[in-house]
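Here the structure is laid out as structure tokens; the discussion comes afterwards.
The values are calculated or read from the model by the stated rules, or taken from the named source; none is laboratory data. For clarity, every value in this text was computed on a predicted model and none was experimentally measured. Neighbour counts are summed over all protein chains in view; Cβ atoms, including those assigned to glycine, are modelled from backbone coordinates with ideal geometry. Note: areas computed on protein heavy atoms with side chains; ligands, DNA, RNA excluded. Shrake-Rupley method; radii C 1.70, N 1.55, O 1.52, S 1.80 Å.
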Amino acid sequence: DHPNIVRAFDVDADGDTHYLVMEYVKGIDLHKLIKQSERPLHFGLAGDYVRQAALGLQHAHDAGLVHRDVKPANLLVDEHGVVKLLDLGLARFAEQHDGSVTDAHNENVLGTADYLAPEQAVNSHDVDGRVDIYGLGCTLYYLLTGQPPFNEGSLAQRIACHQNVEPKHLRELRPECPEPLADICHAMMAKKPDE
């Protein structure tokens with residue numbers, strides 16, 4: 001229960017149909033917001049949205065939960081400017097080693113390629129909250145540039161770029177970007193988890 005996480009009220013099934021009853025958030029996800037406006041966000045607004053998302057993620061991390069699919073489409077902003085983290089469908093507890101839905105279905109790579117941390121592409125099960133920081137860094141990059149860090153090539157090529165290639169520097173794409181904000185964004189997207 002956190003103001004920056006969409007609340008889930010109930011989980012149930014009707015026969016073979018499973019469903020989740022969630023809080024209704026009147027607003028728009030950040031991916032659609034950028035697509036509809038056809039331009040990146042102002043630096044201060046992008047920073048505030050990511051700060052709010054980070055607060056929600058920290059709450060989840062404090063409970064031992066790793067989201068594993070942080071991306072603009074999973075961040076809703078309501079009509080009051082409150083950002084709410086959505087879609088914990090791939091989430092797992094950091095210390096969980098068996099019994100997860102993804103383990104049961106022998107899934108190896110989970111997440112969205114444009115926001116996927118390098119270590120998550122190698123093993124989606126043996127990750128911690130740092131993969132969420134990476135995804136949030138890629139999200140900030142998207143909010144500031146209108147494109148993900150690697151927006152060309154096949155799925156496999158984009159995943160490989162996340163592992164081996166540094167994205168174009170934010171100030172190359174938006175020279176007016178405050179240097180400290182660009183530095184934070186690039187630090188969030190460090191290739192090595194320890195960094």
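General remarks:
- Cross-link reach list, aspartates and glutamates versus Lys32, counting only Cα pairs under 19 Å and skipping chain neighbours closer than eight places: Asp48, Asp69, Asp78, Glu79, Asp87, Asp114
- With K and R counted +1 and D and E -1, the other residues having a Cβ less than 14 Å from that of Asn151 yield a net charge of +2.
- Modelled FRET efficiency - R0 30 Å, Asp194 with Arg39, Cβ distances, 0.05 increments: 0.25
- The chain - percent of accessible surface contributed by carbon and sulfur, probe 1.4 Å: 52
- Full extension of the segment from Met22 to Asp183, taken as 0.36 nm per residue of separation minus the current Cα-Cα distance, would add 54.4 nm.
- Trypsin sites (Lys or Arg not before Pro) within region 1-59: DSSP coil, no more than 13 neighbouring Cβ in 10 Å: Arg7, Lys26
- Projected label distance in nm at Asp14 and Arg174, using a 7 Å step from Cα toward the beta-carbon: 4.3
- When only Cα pairs below 8 angstrom with a gap of at least 6 residues are kept, the chain shows a relative contact order of 21 percent.
- For the chain, accessible area per residue (1.4 Å probe, heavy atoms of protein chains only), Å²: 54
- Averaging the Cα positions of each part gives two centres, and for region 33-58 and region 156-195 these lie 16 Å apart.
- DSSP beta bridge pairing in the chain, given as percent antiparallel to the nearest 5: 95
- Helices in the chain that qualify as membrane-span-like (whole DSSP H runs, Cα extent of at least 20 Å along the helix axis, mean Kyte-Doolittle hydropathy of 0.0 or higher) are 130-145.
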